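This report refers to the structure that appears directly beneath it.
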Amino acid sequence: MNFTKIGFAVLAAMLLFAPASRADEDPGLQQLAADAYAQKHGIGLAEARRRLLIQDRAAGIEDRLEELLGTDDAGMWYDHDDGGRLKIALTRNSATRAAEVQRLIDEYQLGDDARMVNVRYSIAELERLQTDVHESLQDMTLAGHVATGHDLRLNHVVVRAIDNLPADEEMRLAEVARIPGVALQRLDASSLLIEPQSCQISACNPPLRGGRSMFVCTTAFMARHRVHSSHLLALTAGHCVNSGVFAARDETLLQWSTIGNGYGGIYGGSLGIDAGAIFIDPGKSWYAPLPAAKVVVKSSTQTAYNPDYKISYDAKSTLGQTLCYSGGQTGSGCAEVSALGQTHTMTDGTVLKNLGELDTCHTVVGDSGAPIYKKNKAYGLHVGKVDSWPHCFSVYQGIRAAENALNVDILQMW
């Protein structure tokens, strides 16, 4: 049975304060994630699987820490140079609650796989500093010469800039780099502009679910509007949504069938969101059977085809976490969260804020809107990618910001 969060306040509270589910991950997806982890960090598969189990065991602790520490929350990350341990950052203020943090670590049965570390800045302080830095370099951001973000591991705002900047921009960059709490990184790239990965089509069967191709992108997660609760929606990237009609082909007869019209989308604006929704028309064939709180794990050398991978929660991403995706064109893959809180400019000049990055170059045109997921949790919507050396990466919109911007809740299945 499918559920939404609407009207289930008590259940939602219970879930918020309960340890993460201990249900096993889909074996093929876990192997895909382990392969990606092992390859990136140069370790054996057995060790990669051990480290992924730490992440699976800790899933959900991010919300608990934020609830406990409030504006003093300094975040957490997985430290690959320390055996994949979870590092929980404490400022001078939040360090007074170390005993409560330790009780959380014990509750999630993390033992020596989690440690507390002292830092100077909270996330809120880093975000304020990042806003100031972004505004001072806004013209360079729009030109694709720089991108800003904050790195919890460094506990700094990070300004990434392309090589070979004009002399006047180099001078401005040097001034910004002298600000306390700001670090500078250089990339061998001609531009840091993000190319939206829309267009292209392939086939899919009902019920509608995430990871399926449609015209012109990929479905992410099924959702319900918070006010108009009878409206079922397919979420995707905001840059995919327009006033046209969206359709998909079934895999059996390869016939085109209408899903519905573009319901609404946000692309840029003051919040810098890239999220959209397609109305699933009750009078069309994709409405029956009802859309499912599932995504498709596509077949590969590591994974068996699994069209019934359940989505049970929405969740925040964690730096260093390994997440997976199912692109309409690419198929399923996994990669590490290499950055969070990033501000990027799209090739059309639209500024997007607070994006996550996955350390993968494998996404292609047609994957926009693809679901980002792991351990039965929804994490985000794929946006596009940047080709740079040595760090090529894909970017994604966080799911909770997307839900709030669109006033929807993803469908969930337990």
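The values are calculated or read from the model by the stated rules, or taken from the named source; none is laboratory data. Keep in mind that this is a model prediction, so the values were computed, not measured. As a convention, Cβ positions derive from the backbone with ideal geometry for all residues, glycine included, and neighbour counts pool all protein chains shown.
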| request: Could you please let me know if MET346 is more than 22 Å from SER312 (Cα to Cα) and of a type in the set (A, V, I, L, M)? | output: yes
| field | Which listed residue, of ALA34, ALA89, ALA38, is more than 30 Å from ARG128 (Cα to Cα), buried (at least 16 other Cβ atoms within 10 Å of the Cβ), at pLDDT 95 or above and more than 20 Å from the chain's Cα centre (by Cα) | value | ALA38
| said: Any residue at all in the stretch 249-268 that's modelled with pLDDT under 90, among the β-branched types (Val, Ile, Thr) and assigned to a loop (DSSP other than H, G, I, E, B)? | reply: yes
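Just checking, how many residues over the stretch 63-101 are more than 20 Å from GLU127 (Cβ to Cβ), acidic (Asp, Glu), in contact with a strand residue (DSSP E or B) (Cβ under 7 Å, 6 or more places away or on another chain) and part of a helix (DSSP H, G or I)? Let's see the steps before the verdict.
To start, the set of residues in the stretch 63-101 that are more than 20 Å from GLU127 (Cβ to Cβ) comprises 64, 78-86, 95-101.
Checking which are acidic (Asp, Glu) leaves us with 79, 81-82, 100.
Okay, now just the ones that are also in contact with a strand residue (DSSP E or B) (Cβ under 7 Å, 6 or more places away or on another chain), so 79.
Next, from what is left, pick out any that are part of a helix (DSSP H, G or I): none.
Going through the stretch 63-101 one residue at a time, the tally reaches 0.
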| task | Residue by residue through the stretch 338-347, note down the ones that are buried (at least 23 other Cβ atoms within 10 Å of the Cβ) and either β-branched (Val, Ile, Thr) or not in a strand (DSSP E or B) (or both). | result | THR345
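Given the residues THR322, THR303, THR318, THR330, which is the only one that is over 20 Å from ALA402 (Cβ atoms), crowded, with 19+ Cβ neighbours inside 10 Å, under 12 Å from the mean Cα position of the chain (by Cα) and not assigned by TED's automatic domain parsing to the domain that holds LEU126? Let's see the steps before the verdict.
Values: THR303 fails: under 12 Å from the mean Cα position of the chain (by Cα); THR318 fails: over 20 Å from ALA402 (Cβ atoms); THR330 fails: under 12 Å from the mean Cα position of the chain (by Cα).
Selected residue: THR322, the only one of THR322, THR303, THR318, THR330 that is over 20 Å from ALA402 (Cβ atoms), crowded, with 19+ Cβ neighbours inside 10 Å, under 12 Å from the mean Cα position of the chain (by Cα) and not assigned by TED's automatic domain parsing to the domain that holds LEU126.
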| said: I'm checking my understanding of the structure. Among residues of the stretch 334-372 that are free of Cβ contacts under 8 Å to residues at least 40 places away in the same chain and of a type in the set (A, V, I, L, M, F, W, C), which one is farthest from ALA124 (Cα to Cα)? | reply: CYS361
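Considering only the stretch 139-169, how many residues are part of a helix (DSSP H, G or I) and free of Cβ contacts under 8 Å to residues at least 40 places away in the same chain? Break it down into steps so the answer makes sense when it comes.
Of the residues in the stretch 139-169, the ones part of a helix (DSSP H, G or I) are 139-142, 167-169.
From what's left, free of Cβ contacts under 8 Å to residues at least 40 places away in the same chain: 139-140, 167-169.
The qualifying residues number 5.
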